[in-house]
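Engineer: Below is the structure I would like to discuss, written out as structure tokens.
The values are calculated or read from the model by the stated rules, or taken from the named source; none is laboratory data. Predicted model only: the values in this text are computed from it and were never measured. So basically every Cβ, Gly included, is an ideal-geometry build from the backbone, and we count neighbours across all protein chains shown. Only protein heavy atoms, including side chains, enter the accessible area calculation; ligands, DNA and RNA are left aside. Shrake-Rupley method; radii C 1.70, N 1.55, O 1.52, S 1.80 Å.
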Amino acid sequence: MSAEPPPPNPPASRHRPWVAVLALLVGLVAAVGATLWYTSRPDTARPDAARDDALRAAKEDRFVQAEPGLKAALARKPDDVEVVEALARGHLKGETANAAEPYLVRWVELCPDDREARRFLHEYYRKARKLEHAYSHGKKLLELEPADTRLRNNLMGQAFSVGRFDESEAYCRELLATRPGDRDLRAMLAEIRRARGDLAGAATVLDQLITDLPGYTPALLSRAVIFLESGHAERAIPLLRDILRTDNQRQRVAGYHLAVALERVGDTDEAKRVTAEVRRLQDVANTEEALRNQPDNLELAARLGDELLTAGHTADGLKFLGAVLARAPDFAPAHRALATHYERAGDPARAADHRRRAGN
Amino acid sequence: MPNALRRVVVIACAVCAAALVGACGGPPPAPAPDPPAPAPAELKPTAGYPWFEDATAAAKIDFTHFDSVTDRHTILETMGGGLAWIDYDADGWPDLFCVQSGPLRPAGHKGPLPTHKLYRNNRDGTFTDVTARVGLDKSGYGMGAAVGDYDNDGFDDLAVTYFGGLSIFHNVADPAAPGGRRFADVTAAAKVSNPHWGTSCAWGDLHGTGRLDLYVCNYVVVDLDNYKSCENVAKKEYYICPPTVFPRRAHALFRNNGDGTFTDVTAESGVGAAVPGGGLAVTVVDLDGDGKQDVYAVNDLGQAYVFKNLGGGKFTDVGARSGAGLDMNGRFMAGMGIAVGDFDGSGRPSLVVSNYQDEPTMVFRNTGGFAFQEWSHPSGIGPATRKTLGFGIEQFDADLDGHLDVAAANGHVYRNAQAIYGFPQGQQAQLFLGDGACRFREVSDKAGSYFREKLIGRGLAVADYNNDGRVDLAFGHNSGPTKLLKNATETANTWVRLELVGNGKTSNRNAVGARIEVEAAGRKLVRFVSGGGSYLSASDRRLVIGLGTAPALERLTVVWPDGTREAFRGAAPGRGWRLAQGTGIVTACP
């Protein structure tokens, strides 16, 4: 057998090494240039990366940085749930909660069965006191989470607030079915019946509640108000007196309704006495509020003390004026007020002393 | 795909491309446009809801309330000014008067002092500023206004309150313009003096004389030379002091003597016997249906006055026993404004009182005999108004369904509310639709763009200024422009507009104190011509009564201020009618 000779090698170019080096250099320059160009471009020119960066920034609580990228991403893809959610959450967390609404709405539109989205929107409207909206989304949320008793409880109150008394009552009765002895729910049921114009129904609920829990003053107060509204002021009076005797937290409100009731039964003198006490409580509260606003204003404190004395609130007036003189023993307006008070009270010696210290 | 890997691939592609074309670069892609946030609900009229268009510019109303701001945050700076609809030329087209405030120290003010403005209605949707022509180019720290024909000459006069005063402007013939009218300041000649901080005021026949008397709310005593600012130490911010840090001033009542003069009867009437209150709003209306006009006046952090008219010029305050003197918890209200009307179909005037932030606007249902039922929460207004600080408030029938609705102007008193509370001073106005049973639902979101603007609302007055049967709104703003909102509600509901004219003898010509009963399609609607109302403002006393789908009125009865009852016939729906006492007939008006 004979062997063929091997093919000849191609003729070697004398420029070959230089071309290879040049190609390599061109490639390197191109790579470096492209890399520089790419990395120097704005994020918007590489949309997916910008979106991801923005989402990451949002998750890391850098929402101010993230927001432009998120908005750009949303402009490109309006149904991008992840971006909508990030915008909603970012605004809610920051100081721009008011701007969250459109994103929350969009989030819920895109994911109508997403409980978290719905809950966020419900809460947003509740805090913004857009009660109709809050209630509407709350109802949808309850459909998604029917076992959420707390939500049902909130919806009872919200339905009441937006005037859907029938729905409020339905929630209330559903809750009562599981907690029949709950005093707050029973009191609420009475309030709902009252709002629906059913004073008799409200009274029935309250009467039973008072029988079961005689010392439950919110029920006593509600019952007294219903007695007043149904023209039985005389029956409201003992209940209100009970509250005044036992509940320090409800002195003003019970006193107010008692004064109204006493006037309506013709006991004007007693009504005036009770009214004066209600007014005293209010005047003292107002005085304290005024002094909170201007704690260093001794003229104000002295004047308010004087007003309290003039209104017959002797102990309170003396207390305020005493506090003024403790800070400024020679404060003339306070001495003048006390001088006038003691003159009225028939104590000329003290009156003269304060008059002297007042400088006249 | 992971981000890093994606980047490598992109770079590799770029290298290949660069190698192929021998170039790097090229035009970068255009940046993505800044996208609009998803729109909430598109703002356009919604079937079944009222709709208001901002007609301020088109109407050529260019009033701006003077900004008297100082670094002391004085209480004056936040009060705003009133608005009054007054048909000063008696042409049947309401004109608009805007009360101006001014610098706290006028002597140091550079340039001309700002003045009130009167805009004459051109009957084509536009207005012309006629302030100087009619003599109302007056400066001062103006507050409120009331409109009333106190001399029963057929032309409405003006009372204007100031920080430190009260002016009576008498509507007189203009000798320079035959047939024209102008105003003469007759305060001194009328013997009216109220050198206090007057706020809202109201005309009403409180003495049963057939003439309008004047009730003036006085607020607190402020000494600008020795003003002590209030400071929130924690926030290091001054803020507007509450009224409780100032002495209160008793309200004032001026009896109309019938000869162009008035007598201050504050003391002898019993008005001065009430604990000085810090008054901000007043309405004159017959609360107990006994034929005598009573007074309901609210005080800022004081008990509201319910002055029962005992007759003979005597009044007694029954606020404590009425149930409308305090809020439901026995606390003082920060009463700013009052709306009065038959909201529940009882035929009695009930009351709505605007209130402070985090407090509900109060609703008091009139159950008769000076007894009121607190109804804020069940009405729906209470819960919806805790988020706002209310000032002007008025009732009207926005959609002509025969049920009274309520509009409210809102805005916080602190201009640095953002720094102190974290929310802006500007707040949205609100609109509530009534159902005739004293239940309301807020429809502000659907009522037009104005109701989404956050402004510092103060005065509010209503009038059908273009006589199209739909009641329009004018809102005043503290240190801001007056806004005119044209009611553009699309509805097939019918209406009548009634202008009552008393006989000028036993009943005042303005018929303040009249009661109107309309029966249509089996419904009976009761409306009142009351004095005062809202905050610092005066609404058109003409009444637009929505009739729903009723094609005609079955019965129209007026109980005049003097107690006479008169039936009128022939008032067909869809236009305005003038009802003159004693004639029994209606005459068409614009």
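Engineer: Can you tell me the mean projection area, over all orientations, of the convex hull of region B:305-386's alpha carbons? Units nm², please.
Structural biologist: Seen from a random direction, the Cα hull of region B:305-386 projects 5.5 nm² on average.
Engineer: Something else: Take the Cβ-Cβ distance between B:A437 and B:N122 as r, set R0 to 56 Å, and report the resulting FRET efficiency rounded to the nearest 0.05.
Structural biologist: 0.90
Engineer: Give, ordered by residue number, each residue of region A:227-271 whose 1.4 Å probe accessible area is reduced by a minimum of 40 Å² on adding the remaining protein chains to the chain alone.
Structural biologist: Residues passing the criterion (a loss of at least 40 Å², heavy atoms only) are A:R252, A:Y256, A:E263, A:R264.
Engineer: Given chain B, report the % of alpha carbon pairs whose separation exceeds 48 Å.
Structural biologist: On the way: 23972 of 173755 pairs.
When all Cα pairs of chain B are counted, 14 percent exceed 48 Å.
Engineer: How much of B:W197 can a 1.4 Å solvent probe reach, expressed as accessible area in Å² and rounded to 10?
Structural biologist: Counting only protein heavy atoms, the figure is 10 Å².
Engineer: May I pose another question? What is the interface area between chains A and B, defined as buried accessible area summed over both chains with a 1.4 Å probe, reported in Å² to the nearest 100? Please report the intermediate quantities before stating the final value.
Structural biologist: On the way: alone 21360 and 22760 Å², together 39160 Å².
Result for this pair: about 5000 Å² buried.
Engineer: Say the dipole of the protein assembly as shown comes from +1 at the beta carbon of Lys and Arg and -1 at that of Asp and Glu; which of B:G582, A:P348, B:V160 then lies farthest toward its positive end?
Structural biologist: The one lying farthest along the dipole's positive direction is A:P348.
Engineer: Which whole number gives the average, over all residues in B:231-237, of C-beta atoms from other chains lying within 10 Å of the residue C-beta?
Structural biologist: 1
Engineer: What is the Cα coordinate range of region B:110-264 on the first, second and third principal axes, sorted by size from largest, in whole angstrom?
Structural biologist: Here the Cα extents, ordered largest to smallest, are 62, 39, 28 Å.
Engineer: What's the average, rounded to a whole number, of partner chain beta-carbon atoms within 10 Å of each residue's beta-carbon in A:101-108?
Structural biologist: Mean partner shielding for this stretch: 3.
Engineer: Summarise the accessible area of region B:170-292 (1.4 Å probe, protein heavy atoms) by the percent that is carbon and sulfur.
Structural biologist: Numbers: 2320 of 4620 Å².
Ligands and nucleic acids excluded, carbon and sulfur reach 50 percent.
Engineer: Apply the Karplus curve 6.51 cos²θ - 1.76 cosθ + 1.60, θ = phi - 60°, to the phi angles in region A:266-276 and return the couplings in whole Hz, x for Gly and Pro.
Structural biologist: In residue order, the calculated couplings are x, 8, 5, 5, 5, 4, 5, 5, 5, 4, 4 Hz.
Engineer: Now for a separate question. Pull up all non-local amide H partners of B:N366: gap of 5 or more, or a different chain, and H-to-H distance under 5 Å with H placed in the peptide plane.
Structural biologist: HN-HN under 5 Å from B:N366: B:S350, B:L351, B:Q373.
Engineer: Still on this model: For a test of the definition: using alpha carbon positions, the gyration tensor, and the 1.5 limit on a/c, classify region B:46-201 as rounded, prolate or oblate. Write down the numbers at each step before the final one.
Structural biologist: Values: a/c = 1.67, a/b = 1.11, b/c = 1.50.
Verdict is oblate for region B:46-201.
Engineer: Efficiency by 1/(1 + (r/R0)^6): what FRET value for B:D71 and A:D182, r their Cβ-Cβ distance, R0 = 41 Å, to the nearest 0.05?
Structural biologist: Numbers: r = 54 Å, r/R0 = 1.32.
It comes out at approximately 0.15.
Engineer: Which order do A:L55, A:L199 take when ranked by solvent-accessible area (1.4 Å probe, heavy atoms of all protein chains), largest first?
Structural biologist: Of A:L55, A:L199, the descending order of accessible area is A:L199, A:L55.
Engineer: Would you kindly derive the ³J(HN,Hα) couplings of region B:580-585 from the backbone phi angles with the Karplus curve 6.51 cos²θ - 1.76 cosθ + 1.60 (θ = phi - 60°), listing them in order in whole Hz, with x for Gly and Pro?
Structural biologist: Couplings: 9, 4, x, 9, x, 10 Hz.
Engineer: Sticking with this one: Antiparallel versus total DSSP beta bridges in the protein assembly as shown: what percent is that, nearest 5?
Structural biologist: 95 percent
Engineer: Ranking request for peptides A:272-279, B:310-317, A:320-327: highest mean number of other beta-carbon atoms within 10 Å first, then the rest in descending order.
Structural biologist: Result, highest mean Cβ count within 10 Å first: A:272-279, A:320-327, B:310-317.
Engineer: Could you compute the net charge surrounding B:I393? Neighbours are other residues with a C-beta less than 14 Å from the C-beta of B:I393; K and R count +1, D and E count -1.
Structural biologist: -3
Engineer: Convert each backbone phi in region A:122-138 into a coupling constant with the Karplus relation 6.51 cos²θ - 1.76 cosθ + 1.60 (shift: θ = phi - 60°), then list the ³J(HN,Hα) values in order as whole Hz, x for Gly and Pro.
Structural biologist: Calculated HN-Hα couplings, in order: 4, 5, 4, 5, 5, 5, 7, 6, 8, 5, 4, 5, 4, 5, 4, 6, x Hz.
Engineer: Arrange the residues A:D113, B:D435 by how much accessible surface each exposes, largest first, with a 1.4 angstrom probe.
Structural biologist: Most to least solvent-accessible, the answer reads A:D113, B:D435.
Engineer: In addition: At a probe size of 1.4 Å, how large is the accessible area of B:S449, to the nearest 10 Å²?
Structural biologist: It works out to around 60 Å².
Engineer: Something else: Extending each Cα 7 Å along its Cβ direction at B:A552 and B:T564, get the distance between those two points in nm, one decimal.
Structural biologist: For the pair B:A552/B:T564, the computed spacing is 2.7 nm.
Engineer: Would you kindly find the accessible area of A:Y124, with a 1.4 Å probe and non-protein molecules such as ligands, DNA and RNA excluded, rounding to the nearest 10 Å²?
Structural biologist: Rounded to the nearest 10, the figure is 20 Å².
Engineer: Averaged per residue, what accessible area in Å² does region A:233-360 show with a 1.4 Å probe, protein chains only?
Structural biologist: The answer is 50 Å² per residue.
Engineer: Label-point separation (nm) for A:D114 and A:L28, each offset 7 Å from Cα along Cα-to-Cβ?
Structural biologist: 5.0 nm
Engineer: Can you give the percent of C-alpha pairs in chain A whose distance is more than 34 Å?
Structural biologist: 63 percent
Engineer: For the pair B:V221 and B:K524, what calculated FRET efficiency results from E = 1/(1 + (r/R0)^6), where r is the Cβ-Cβ distance and R0 = 30 Å, to the nearest 0.05?
Structural biologist: E between B:K524 and B:V221, to the nearest 0.05, is 0.05.
Engineer: Under Stokes-Einstein, with the Kirkwood radius over Cα pairs standing in for Rh, what whole-number D in µm²/s applies to region B:165-219 at 4 °C and 1.567 mPa s?
Structural biologist: 100 µm²/s
Engineer: Compute the long axis of helix B:3-21 from its Cα atoms, compare it with the longest principal axis of the Cα atoms of chain B, and write down the angle in degrees, 0 to 90, nearest 10.
Structural biologist: Around 60 degrees separate the two axes.
Engineer: Run the numbers on region B:106-182 and let me know its relative contact order in percent, using alpha-carbon pairs under 8 Å that are six or more apart. Please report the intermediate quantities before stating the final value.
Structural biologist: Values: 108 pairs, mean separation 14.8, N = 77.
Once normalised by length, the contact order is 19 percent.
Engineer: While we're here: What ranking of A:R196, B:R182 comes out by heavy-atom accessible area, probe 1.4 Å, highest first?
Structural biologist: Output order, biggest surface exposure first: A:R196, B:R182.
Engineer: Could you order the peptides A:82-93, A:233-244, A:347-358 from most to least packed, using the average number of other C-beta atoms within 10 Å per residue?
Structural biologist: Per-residue Cβ counts within 10 Å, averaged per peptide and sorted highest first, yield A:82-93, A:233-244, A:347-358.
Engineer: Still on this structure: Based on the alpha carbon coordinates of region A:128-208, what radius of gyration and maximum Cα-Cα distance (Dmax) apply, in Å?
Structural biologist: Cα-based Rg and Dmax for region A:128-208 come out at 12.7, 37 Å.
Engineer: Can you tell me what the convex hull of the Cα atoms of the protein assembly as shown projects to on average, as an area in nm²? Display every interim value, and only then the final one.
Structural biologist: Details: hull surface 244.0 nm².
Quarter of the Cα hull surface area: 61.0 nm².
Engineer: Also, quick follow-up: Using Cα-Cα distances under 8 Å and only pairs 6 or more residues apart, what relative contact order does chain B have, in percent? Show your work: numbers first, answer last.
Structural biologist: Numbers: 1725 pairs, mean separation 86.7, N = 590.
Worked out over chain B, it gives 15 percent.
Engineer: Further question on the same structure: Would you work out what percent of the accessible area of region B:414-474, with all protein chains in place, is carbon or sulfur (probe 1.4 Å)? If you can, show how the numbers build up before the last one.
Structural biologist: Numbers: 860 of 1790 Å².
Carbon and sulfur together cover 48 percent of it.
Engineer: Provide Rg over Rh for region A:258-360; use the alpha carbon set for both Rg and the Kirkwood Rh (inverse mean inverse pair distance).
Structural biologist: 1.09
Engineer: May I pose another question? Need one value for A:294-300: mean number of C-beta atoms belonging to other chains within 10 Å of its residues' C-beta atoms.
Structural biologist: Mean inter-chain Cβ contacts per residue within 10 Å come to 4.
Engineer: Sorting check: for A:181-189, B:290-298, B:437-445, which peptide has the highest mean count of neighbouring beta carbons within 10 Å, and how do the rest follow?
Structural biologist: B:290-298, B:437-445, A:181-189
Engineer: Next question. Tilt of helix A:332-344 relative to the longest C-alpha principal axis of chain A, in degrees (0 to 90, nearest 10)?
Structural biologist: Between helix and principal axis, roughly 30 degrees.
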